[in-house]
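What follows is a set of notes on a single structure, which appears directly below.
Only the coordinates and a few stated rules stand behind these numbers; no lab work does. Bear in mind the structure is a predicted one, so any value in this text is a computation, not a measurement. Neighbour counts run over all protein chains shown; Cβ positions are idealised from the backbone, glycine included.
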Amino acid sequence: MNDTSAKPPLPDHLSVDPRSPHHVAAVFEHAIGIRLNDRERSDVEEYCISEGWVKVPAGKTVDRKGHPLLLKLKGKVEAFYK
């Protein structure tokens, strides 16, 4: 499995939402991991490494358009390929 050269570099700001300008579809073809304060999170919807935050859903709460409400958590953010 030497396909590491085929993986695109992880951007500084990435979003899961395809409507976002920070969505990069090529990155989501591979498994991505996110660490916040040295703890791996599996529920991250959006992150920014340089600003040090991630956005995670606030339980089952949704807005009037049916999209989850997001909480911004701050700390040391690391993104990596699994």
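Assorted remarks:
- Taking Lys and Arg as +1 and Asp and Glu as -1, the other residues whose beta-carbon sits under 11 Å from that of ILE49 total -1.
- Label-point separation, ALA6 to LEU69 (7 Å along Cα→Cβ), nm: 4.3
- Only lysine pairs 8 or more places apart or on separate chains count here, and in the chain those with Cα atoms under 28 Å apart total 17.
- Environment charge at GLU78 (Cβ cut-off 13 Å; Lys +1, Arg +1, Asp -1, Glu -1): +2
- Virtual spin-label span in nm between ALA25 and ASP43, 7 Å along Cα→Cβ: 2.9
- Convex hull volume per residue for the chain, taking Cα atoms only, in Å³: 107
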